[in-house]
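Trainee: Questions regarding the structure given below will be posed in turn.
The values are calculated or read from the model by the stated rules, or taken from the named source; none is laboratory data. The structure displayed is predicted, hence computed values, not measured ones. Ideal geometry is used to build each Cβ from the backbone, glycine not excepted, and the neighbour counts take in all protein chains shown. The area values use the complete protein model at the heavy-atom level, side chains included, leaving out ligands, DNA and RNA. Shrake-Rupley method; radii C 1.70, N 1.55, O 1.52, S 1.80 Å.
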Amino acid sequence: MTEASRSPENRGSACAFEAASRVMPGGVNSPVRAFGAVGGVPRFIERGCGAILHDIDGREYIDYVGSWGPLILGHAHPSVVKAVQQAANRGTSFGAPTEAETHLATLIIERVPSIEMVRLVNSGTEAVMSAVRLARAVTGRSLIVKFDGCYHGHADALLVAAGSGAMTFGTPSSPGVTSGAAADTLVADYNDLASVESALADRGSDLAAILVEPIAGNMGLVPPVAGFLAGLREICDRTGALLIYDEVMTCFRVAPGGAQALYGQKPDITCLGKIVGGGLPLAAYGASVRIMQQVSPVGPVYQAGTLSGNPVATAAGIAMLEALDDPTIYDRLESLSARLDEGLREAARSAGVATRHARVGSMLCTFFTDSEVTNFATASACDTQQYARYFHAMLDCGIYLAPSQFECMFVSSAQTEEQIDRTVAAAREALTLTAC
Ligand SMILES: *Cc1c(COP(=O)(O)O)cnc(C)c1O
């Protein structure tokens, strides 16, 4: 047992983790939750309320993970909870159409500039997997380009030099992915158009799609440099390929219309997840009517789901998007996040710790490095041991950060200035401790 797991205040989580590890691999249902990258005992959660997580040992944390992005309004937002309860009372699944699905689809189309028609699915993984199939079908080509350090879920063709989860565990790609499944995936460097051209070499005429996180959020936070996204659009137009934006993390987060609205860019296909499901398992992919009419049953591209458009998840998504239809929420997120960002920069300076800081709206990251982070190689150069010490010092102060250097911090509108200031004060102490 580690020191942390013996400490009396975490006894409940330590016991729960042991029991879980006997029946589930690593005791978890998604790898990063196991604290493998930072060591120690993952906190087992009893409940969440607004900005606060409560663990089963009765400890409280200000939460900056927010279920990895969906909880932009905080935990158990009253209108989302009410919508879920009301929907569940009417029945949890029908396998037949409901008007609520049309309502959610309409809200998505109104907000995301490039989407004219949409298909609801169950997870981000499924949305991206389906988008890639659609792009290949529409173009009649097979090659895709993705970027090192971007994460697009765990579909076989995309576990090629995989992002955060697999990266944290030190495997560049996963066993069980056949060379055939990976053979049509080219990997380029984020923020580097020349690397796309050289990956493609003379195979541009076989390119089906470029797949990109328009703001990379799965290697820490790496915003696109000026000209990068426009350059990808240009390469796709020149080669006749489609541009797929994976906005699973960014849509409704950095702006109501996602990164494409923030930067004025136009992808061909957009993948959504996380916020769009209001904290329930729901995701989506969408495009122009012309492209989406290739999807079954109108077109020949097969894609289906027993629980797709599930009424409870759909109700949560509608409640979430309706609650977000209020510009003051984004103003509030911006001012809270700017306050946090400035506070963390100042805390690192005064502690004399070499860090780099990134922020786009309510997504933030503190990199433990003294050089600029623009891609996977520079992100990988961070001091992950120092991050682990910082993470545990913050956790001890009641601040719940992502248990990995290669993840973002998410601010929610449930947070208060006072909680932000408490977080900055904790960071000042934690950074001073981790400096030595
Ligand atoms: C989280 C995430 C996914 C995967 O979504 P799941 O719902 O976990 O399958 C895909 N792409 C990006 C950019 C993500 O952040």
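Trainee: Which residues among segment 316-356 fall inside the zone where the amide N is under 17 Å from a point 7 Å beyond the Cα of Thr432, along Cα→Cβ?
Mentor: Answer for segment 316-356: 343-354.
Trainee: What's the extension gain from Asp184 to Glu334 if we count 0.36 nm per residue and subtract their Cα-Cα distance?
Mentor: Full-extension gain reported as 50.0 nm.
Trainee: Given a 10 angstrom Cα cut-off, can you work out which residue in Arg136, Arg422, Arg22 is the most mobile in a GNM of the chain?
Mentor: Among Arg136, Arg422, Arg22, the largest mean-square fluctuation in the Gaussian network model of the chain belongs to Arg22.
Trainee: Of all DSSP beta bridges in segment 78-323, what percent run antiparallel (nearest 5)?
Mentor: Just about 40 percent of them are antiparallel.
Trainee: Just for the chain, what percent of DSSP beta bridges are antiparallel, to the closest 5?
Mentor: 60
Trainee: Loop-only check: which GluC sites (Glu not before Pro) in segment 328-436 are DSSP coil with at most 13 other Cβ within 10 angstrom?
Mentor: Answer in residue order: Glu372.
Trainee: Note the full-extension length gain between Arg233 and Leu307 as 0.36 nm times their separation in residues minus their Cα-Cα distance, in nm to one decimal.
Mentor: Length difference between fully extended and current span is 23.2 nm.
Trainee: What order do you get for 210-221, 390-401 when each peptide is scored by the mean count of other beta carbon atoms within 10 Å, highest first?
Mentor: Highest-to-lowest ranking by the protection proxy: 210-221, 390-401.
Trainee: Label Cys49 and Cys15 with points 7 Å out from Cα along Cα→Cβ: what is the distance between them in nm?
Mentor: 2.3
Trainee: Translational diffusion coefficient of segment 78-323 at 20 °C, 1.002 mPa s, Stokes-Einstein with Kirkwood Rh over Cα pairs, in µm²/s as a whole number.
Mentor: D, rounded to a whole number, is 118 µm²/s.
Trainee: Of Asp55, Asp192, Asp202, which is the most mobile in a GNM of the chain whose springs link Cα atoms less than 10 angstrom apart?
Mentor: Taking springs between Cα atoms under 10 Å, the residue moving most is Asp202.
Trainee: If you don't mind, there's one more thing I want to ask. Which shape class, rounded, prolate or oblate, goes with segment 371-418 when its Cα gyration tensor gives a ≥ b ≥ c as root eigenvalues, a/c under 1.5 marks rounded, and past that a/b bigger than b/c marks prolate?
Mentor: oblate
Trainee: Another question, if that's okay. Can you send over the carbon and sulfur percentage of the accessible area for segment 78-323, probe radius 1.4 Å, protein chains only?
Mentor: Reported share for carbon and sulfur atoms: 56 percent.
Trainee: Moving on to the next point. Counting heavy atoms of the protein chains only and a 1.4 Å probe, report the per residue accessible area for segment 78-323 as a whole number of Å².
Mentor: I get 38 Å² per residue for segment 78-323.
Trainee: Can you tell me the length gained on complete extension of the stretch Cys397 to Thr384, counting 0.36 nm per residue apart and subtracting the Cα distance?
Mentor: Stretched out fully, the Cys397 to Thr384 stretch lengthens by 2.7 nm.
Trainee: At what distance in angstrom do the alpha carbon centres of segment 194-221 and segment 288-362 lie from each other?
Mentor: Rounded to whole Å, the Cα centres lie 22 Å apart.
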